[in-house]
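Q: To start, I am sharing the structure in question, which I have written as structure tokens.
FYI, it's all coordinate maths here, none of it is from the lab. Computed from a prediction, not measured in an experiment: that's the story for all the values here. So basically every Cβ, Gly included, is an ideal-geometry build from the backbone, and we count neighbours across all protein chains shown.
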Amino acid sequence: LAIRAYYKANPPEIELPDYWSALDKDTTDMTSDEKREAALMGLSTGPSFDQLMDEAKFHYVVKREPLRASSEAWTRVNGSGEIPEELKAWVGAGPKQVEEVETKSEAASVSA
């Protein structure tokens, strides 16, 4: 009872850490500086796994010929001796056919 009366007469001053307000904030509302501070204090401010997976669905594909057939290393190996047929077939094969994937801006314009 005496302890309760003491703290009632002399309430303690509790100083919360700077990142305390970030605990209740949504990370989308945070500025980049606030996100850095929260990340330094150990709070998760990065994208969630679901957001990463959604981002991974949209990517750019650069169509180009494989470098292996025209490389100097392949010309040296080709002239040096026996080469397994599997390796020759792999080097001689063209690029895999890639299906067209729409970009985020195309997907947004279609759904809008």
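Q: Need one number: nm distance between label points at Glu13 and Glu86, each 7 Å from Cα along Cα→Cβ, rounded to one decimal.
A: 7.5
Q: On a full-extension model of 0.36 nm per residue, what is the gain between Glu72 and Arg36, subtracting their alpha-carbon distance, rounded to one decimal in nm?
A: Details: separation 36, 0.36 × 36 = 12.96 nm, distance 4.67 nm.
Gain on stretching Glu72 to Arg36: 8.3 nm.
Q: What distance in nm separates the two pseudo spin-label positions at Asp29 and Glu65, each 7 Å out from Cα along the beta-carbon direction?
A: 5.7
Q: For a Förster distance of 41 Å, can you work out the FRET efficiency between the beta-carbons of Tyr6 and Phe49, rounded to the nearest 0.05?
A: 0.25
Q: For the stretch 1-95, what class follows from the C-alpha gyration tensor (a ≥ b ≥ c being the square roots of its eigenvalues): rounded when a/c is under 1.5, otherwise prolate if a/b is larger than b/c, else oblate? Before the final figure, lay out each step's value.
A: Values: a/c = 5.66, a/b = 4.02, b/c = 1.41.
The shape class here is prolate.
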